[in-house]
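Since the structure comes first, as C-alpha cells, the remarks are kept for the end.
The values are calculated or read from the model by the stated rules, or taken from the named source; none is laboratory data. All values derive from a computational prediction rather than experimental measurement. So basically every Cβ, Gly included, is an ideal-geometry build from the backbone, and we count neighbours across all protein chains shown. What goes into the accessible areas is simple: the full protein's heavy atoms, side chains included, and nothing from ligands, DNA or RNA. Shrake-Rupley method; radii C 1.70, N 1.55, O 1.52, S 1.80 Å.
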Amino acid sequence: MSESVTLTIDGQSITVPKGTNVLEAAKLLGNDISAFCYHPGLPIVAQCRQCLVSVEKNPKLQPSCQQVCGEGMVVHTTDPQSTLARKQQLEFTLVNHPIDCPICDKAGECTLQKLYFDHDNADSRVDTNKVHKAKVVDLGPHIVLDQERCILCSRCIRTCDVVAGQHQLEFANRGDHEVLTTAPGEQLDNAYSLNTVDVCPVGALTAKDFRFTMRAWELEATPSVCNGCATGCNIEIQHKNERAWRLVPRLNAEVNQYWMCDEGRFTYHGLREERLASAIVEGLPASWDKAVQVAAKRLGVFLKDASQIGIVLSALCSNEDNYALAKLAKAWGVGHVYIAGKPPVPARADGKLRVADVNPNTAGVKAIAEAFGFTAIPTYELDRGLPENLRALVMLGDVVPGLDAQKLKELEVISLSAHERGPVPSARVALPIAAWAETGGTTTNNKGHVQRMHAAFAPPGAALAGWDAVVRLAAATGQKLAWSHARDVFKDMTQTVAAWKDLTWQRDVRPLALRFAGSRG
Amino acid sequence: MADAQTLKQLVLGRKDVQDLSDTEQDLPPDLMTVNMGPSHPAMHGTVRIVLTVDGEKIVKGDVQPGYLHRCFEKESEHATYTQVFPYTDRLNYVSPMINNCGWAMVAEKLMGLTGKLPRRAEYVRVIVSEMSRITDHLTCVGASAMELGAFTPFLYLLKCREWLYELLEKVSGARLTHSYVRIGGVSKDLPEGFGPELTACLDKIASVMVECETLLNNNKIFRDRMAGIGAISKEDAIKTGCVGPIARSAGVDYDVRRDYPYSIYPELEFDVPLGTTGDCYDRYLVRLEELKQCIRILRQCLVQIPDGPVMSDDHRVALPAKQATYNTIESMIRHFKHIMDGVRVPAGETYAFLEGGNGELGFFVVSDGTGRPYKAYVRSPSFVHLSTAEMLFKNHFIADVVPIFGMINMIGGECDK
C-alpha cells in the first residue's frame, strides 16, 4: 500500500501512485488546472504561479505542479482563494503582453489566450504604457524570438537542457525588463531546437519554417509517424488544402516522448518535390491501364524464366507496399531480391532520438524479405556489376544506390515511385505511387515497433497507394492479389510475418480540425 | 392477351378506356393518383402532395416535405452559437426575428442569463418579434386570399409587409435574413427616429387591414371556400400537437406569450383570440385578430421602451468594444476567443420555446461546455402542422387543398429544417 496515496481534490477522492503531483492527479479527475510553466516532460520549477491551489491545513496556496500528493491531503481548486489567485496571476501576466493576437502565429492554440478566457475574462485595469522589448530576435537557424510576447515560463530553457542536453537559452535582467536570450557565446542551434516552439505557451518562439504561412485553427491534424529516420517518432501531420504545413511530435512514451528532431520536422517539404503524378511509359505520360499493360508485356518475356527478374524492396516505403511487391515476386518466382535505401549517416547518431539509419522502415523490409525466404542483398552491391542472368528489375522507390545510368540501360526497369528522380526517369515504365503522408500503412522502427501512419490528404494526380499499384501490375501479369484496402494487405502480412502475428489494424483516424480541438499548449 | 392487359393495367394504374364496359366508361370507379407540387402555382412552399382521389374527392393526401432540407440541426453542431443565428433566419423565413430570439433564449437559459438582459434589449426583441409576427400573418392571409382568386388583398397586404421589411432593414441591415439578435441582447440599437416611423407604419397597416377585411370577410366566394373547410376539432388539435393560430382557431386556449411568459410579455396587455369551429375561416379570423393584437403590443412597447444598453455586459457573451479590443490585450483575447471558439455555453441540456409566427417554436440544445452545440434540435410548428394535413384533406375536393394548405401556413424552411 505504500506505493499509492489517496487524496481528495474538490470533494472527489482519488488514489494515485506515490510521487504524483497534485496537478497530474487533478487531471486524472478531468480537472485541468491551469499552468504555463509545467510540462509533463520537463523538470518542475513552479515559477509561473498559475497553478496555485489551496491545500487544507496549509496557510498559503501551493503550486499544484510541485506539490506532491500526500495521504489524506484535501485540495481545493475552485475555492475563492485559488480562483482569485488564478485571476490575479493572469492579469499580472497580461500587464505587459503586446496586443499581437491578429498577427501572432500562436493565436488559436495559445495557452495564454485559453487560460485568460477560461479563468479571468476581465477587462484591463492597466492605464500605463506597456514595457517594450525586442520584437524580432534571431535566436538561431530555425527560430525567431519575440521578447514582448514571452511570459518567462522557462519551458524552452528546460527543453534545451533536457531534450538536447545543451544549455543555449537563458534569462537576462530582472523585473519587467527580464528577457529570454541566448546563453553567452551560444545560439539556439541544437538538433532539437524546434521543440521549444511547441512547448512555448505563447507566440514568443516561432519557427521560421512555419511563421506567417498558415493560421493554426485552419489546420487539420492527422496522426502519423516521422519518415526521417529509423526511430519513427510519432507525429501529427498538420495539413490544409491538400498539403502539409508542419509536423509536430505526438506523445509516445516508448518511442519519442513529447519530442522530435528538427530534421524530421522538415521532411514534409519533400512531399511536394519532384512528384510523379502520372504513369510514364518510355518517357511519355500514359494512363494507368496502358502503363500496366506495357509493363506486363515487357515483363512477360522473362516471366517464363523468372530468375531473370529482380525486385528492389525499399526501406523508405511502408510495410504494406513492400509486402505487396514481395508477395508478387514470390508468386512470379523471381531470382533476385534487393533492398534499397539511403546510406547511413553516422554523424547523426546522438544517443537520443537521432540515429544513423535514415530509412524509416529498414527493420520492416528485412522482416518481410525474411518471411518470404528471400536472401535479400543491398542494392549497392550492384556496384560490382550486374548478375549474369538479370534482365528486368521491378523497383520500389526512387532511392536505389548502386544503379548507374549504364546498368539501367542494360535492364528492363519497371519503377514504382512517388518521385520522379534518381533512376525513375530512366525506367521503361514508371508507376506513380502515394508518398508516406498520403496513404494508410505501417512502418517498423529500429526497436521493432510496427507503427501506423494515416493518410492526411490525397496523393497528387493519378498516384495510387504502392500496394494498389502492385495489385494492378499483378493482375496484368495474371496473378491475383485480392486486396482492396491497406487493411487487407496488413492482415495478410501478419499471417506471413511470424513476429507480427498478434498485431491488429486499428480503425482509420479522420483528420481532426484544430479549431475543434480547443487550444493546445 | 390477358398478360398484355395486366401489363397495361399495371402501367396505367387502371384499365384502358376501350377495355371498359359502358357503365364503367361513364364514370371510372377506380381511384386516381394526382400529384400536387413540388412546384405548384397555387401553393406556397415547396412540397409534394400525392393525392389519391375518388373523382374530385380526396381519399388520401400523402404529404411529402423535405425539399428545403438544409441540415439545420447537423450544421449547427459545426458552428459556434453565434454562427447559428444566420441558419435560424432560414427556418421560418417569413418571421426570422422570432427564430433569432428563440435561439438566443436557449443559449441564455443554459448560461443562466434568462431575465438578466438589459430592459431595452428585451423591448427591442419584442418589438422586432411582433413586427415579424405581423409580416408572417400578412403573408399567410394575403397569399391564401390570392390563391382563392382575390388578388387585391394580396397586393395590399404584401405592400404592408414591405413597409415593415423596410423598417426591419433599417434595424438590422438586411431585408429578410436579419441575424439581428445575439446571445445576451441584440447586435445594435434601434435606428434614430424608429418610433415615429413604426407608429406611422402601424397606422397605415391598420387602415389597410380595414380595407382587406371589407374585401374578404363577407365575400361570398371567400367564405364558401374557407368556412367549414379543413376543420379540426379541439381534441384532434391537442392530440396532434397543433399550436399557434391553428390550435387557437379550434378553441385551444394556448399562447406561449401568455401561458409561459418570457421577456417582457407579462408587462404588456394583449388578448389571445380563439376560434370555435377550427376551420379555415376561423384560422383566417384568428390571424386577423392577432394582427390587431400585435399592433396593440407594438404601440405599448413604443411608449414603454426605456433607454439603456441593448447588450448584456456579461463578459461571457458580450463582445468587447472595438476601442478596447484594439487597445488592450485582455479585450483582444476575449474578442478573438468569442469569434473563433464561440460563446462558451455551460455543459447541460435545455429546451427553450416562444410563440413563433406559427405557434410554439422551441429549440433543444445539448451543450458539452464548448462554443458549439453538441446537439441542436428545433421543434418547428410547421412540421407538426403539416402532419395534420393528410387528416384535414380527407373527404374534401381537390380545390380545397389550396385553402387548407394555405391556412396551415407551412413554411418550407421551418418544416424541412
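Oblate is the label for the stretch B:306-360. Its Cα gyration tensor axes, ordered a ≥ b ≥ c, give a/c of at least 1.5 and b/c at or above a/b. Accessible surface of chain B, 1.4 Å probe: 57 percent of it comes from carbon and sulfur atoms. For chain B, the convex hull drawn through the C-alpha positions has a volume of 155 cubic angstrom per residue. With θ taken as phi - 60° and the Karplus curve 6.51 cos²θ - 1.76 cosθ + 1.60 applied, the whole-hertz 3J(HN,Hα) list for the stretch B:61-77 is x, 8, 8, 10, x, x, 6, 10, 5, 10, 6, 3, 5, 5, 4, 4, 5 Hz, x standing for glycine and proline. Label point of A:V95 set 7 angstrom out along Cα-Cβ; within the stretch A:45-72, amide nitrogens under 19 Å from it belong to A:47-52.
Remark: spin-label model distance A:E254-A:Q166 equals 3.1 nm, labels positioned 7 Å along the Cα→Cβ axis. Among beta bridges from DSSP that stay inside the stretch A:369-521, the antiparallel ones total about 30%.
Report the FRET efficiency, 1/(1 + (r/R0)^6), for B:E162 and B:D54, where r is their Cβ-Cβ distance and R0 is 45 Å, rounded to 0.05. Don't skip to the end; give the middle numbers.
Values: r = 43 Å, r/R0 = 0.95.
With R0 = 45 Å, the Cβ-Cβ based efficiency is 0.60.
When the Gaussian network model of chain B links Cα atoms closer than 10 Å, the mean-square fluctuations of B:R125, B:R223, B:R257 top out at B:R223. Remark on A:A513: its backbone amide H falls under 5 Å from those of A:A221, a criterion applied only to residues 5 or more positions apart or on other chains, H modelled at 1.01 Å from N. Relative to the longest principal axis of the Cα atoms of chain B, the long axis of helix B:280-304 lies at roughly 10 degrees.
If the stretch A:105-180 were replaced by its equivalent ellipsoid, with semi-axes equal to the square roots of 5 times the Cα gyration tensor eigenvalues, what would those be, largest first, whole Å?
Numbers: eigenvalues 127, 56, 31 Å².
For the stretch A:105-180, the ellipsoid semi-axes come out as 25, 17, 13 Å.
Label sites at A:S287 and A:A122, each approximated as a point 7 angstrom past Cα along Cα to Cβ, lie 7.1 nm apart.
Using helices alone, I'd like the mean residue ellipticity at 222 nm for chain A: each DSSP H run of four-plus residues gives -39500 (n - 2.57), total over residue count, nearest 500.
So the helix-based figure for chain A works out to -6000 deg cm²/dmol.
Restricting the calculation to Cα atoms, the stretch B:103-197 shows an Rg/Rh of 1.08 when the hydrodynamic-style radius is the Kirkwood one.
Have a look at B:E166, B:E390, B:E269 and tell me which one the Gaussian network model of chain B (Cα, springs below 10 Å) gives the largest fluctuation. Result: B:E269 has the largest fluctuation of those listed. Let a ≥ b ≥ c be the square roots of the eigenvalues of the Cα gyration tensor of the stretch B:257-385; is it rounded (a/c under 1.5), or, if not, prolate (a/b larger than b/c) or oblate? Oblate is the answer for the stretch B:257-385, as a/c is 1.5 or above yet b/c matches or exceeds a/b. With all protein chains kept in place, the per residue accessible area of the stretch B:55-128 amounts to 36 square angstrom at a probe of 1.4 angstrom. Taking every protein chain into account, the 1.4 Å probe leaves B:F364 with about 60 Å² of accessible area, to the nearest ten.
Size of the dipole of the protein assembly as shown about the Cα centre, Lys and Arg at +1 and Asp and Glu at -1 on the beta carbon, nothing else charged, in debye to 20? Could you put the intermediate results ahead of the total?
Numbers: 100 positive and 111 negative charges, 352 e Å.
In debye, rounded to 20, the protein assembly as shown gives about 1700.
Taking θ as phi - 60° and the Karplus parameters 6.51, -1.76 and 1.60, the scalar couplings of the stretch A:263-277 work out to 4, x, 5, 8, 5, 5, 4, x, 5, 10, 9, 6, 7, 8, 9 Hz in sequence order, x denoting glycine and proline.
For the protein assembly as shown, the antiparallel share of DSSP beta bridges with both residues in that region comes to about 75%.
Under the membrane-span-like helix rule (DSSP H runs whose alpha carbons stretch at least 18 Å along the helix axis, mean Kyte-Doolittle hydropathy -1.0 or higher), chain A yields A:80-94, A:288-303, A:319-332. These residues, B:M105, B:M43, go from largest to smallest accessible area, 1.4 Å probe, as B:M105, B:M43. The alpha carbon convex hull volume per residue for the protein assembly as shown rounds to 254 Å³. Once the Cα atoms are used to define both axes, helix B:194-216 deviates from the longest principal axis of chain B by about 10 degrees.
Output the relative contact order of chain A, whole-number percent, from Cα pairs under 8 angstrom with separation of 6+ residues.
Details: 1092 pairs, mean separation 66.2, N = 521.
So the answer I get is 13 percent.
Projecting the Cα atoms of A:V399, A:Q495, A:V355 onto the charge dipole of chain A, computed from C-beta unit charges around the Cα centre, puts A:Q495 farthest toward the positive end.
Contact order, relative form, for chain B: 25 percent (alpha carbon pairs under 8 Å, 6 or more residues apart, mean separation divided by residue count).
Using r as the Cβ-Cβ distance of A:E370 and A:E3, and R0 as 60 Å, what FRET efficiency do you calculate, to the nearest 0.05?
0.90
A simple spin-label model places the labels of A:R243 and A:K304 5.1 nm from each other, with each point 7 Å out along Cα-to-Cβ.
Between beta-carbons, use under 14 Å as the cut-off and find the net charge around A:N31, counting Lys and Arg +1, Asp and Glu -1. Walk me through the intermediate numbers first.
Numbers: positive: A:K27, A:R86; negative: A:D10, A:E24, A:D32, A:D79, A:D118.
Once all neighbours under 14 Å are counted, the net charge is -3.
Computed on the stretch B:297-409, with alpha-carbon pairs under 8 angstrom and 6+ residues apart, the relative contact order is 15 percent. Near the amide H of A:M395, within less than 5 Å, lie the amide hydrogens of A:V312, A:I414, A:S415, A:L416, all on another chain or at least 5 residues away, with H placed in the peptide plane. In this structure, B:T6 and B:T152 have a Cβ-Cβ separation that, at R0 = 51 Å, corresponds to a calculated FRET efficiency of about 0.45. For chain A, pairs of C-alpha atoms spaced more than 40 angstrom apart make up 35 percent of the total. Note that the stretch A:372-420 carries a Kirkwood radius of 11.8 Å, evaluated over its alpha carbons pair by pair.
Based on alpha carbons, the Rg and Dmax found for the stretch A:417-486 are 13.7, 38 Å.
In a reduced charge model with +1 at each Lys and Arg Cβ and -1 at each Asp and Glu Cβ, chain A shows a dipole moment near 780 debye about its Cα centre. Angle of helix B:96-111 to the longest C-alpha principal axis of chain B, folded into 0 to 90 degrees and rounded to 10: 50°.
Classify the stretch B:17-174 as rounded, prolate or oblate, taking a ≥ b ≥ c as the square roots of the eigenvalues of its Cα gyration tensor: rounded when a/c is under 1.5, otherwise prolate if a/b is larger than b/c and oblate if not.
Working: a/c = 3.78, a/b = 2.06, b/c = 1.83.
Prolate is the answer for the stretch B:17-174, as a/c is 1.5 or above and a/b outweighs b/c.
Amide H contacts for A:V5 (H built 1.01 Å from N in the peptide plane; partners 5 or more residues away or on another chain; cut-off under 5 Å): A:V16, A:K18.
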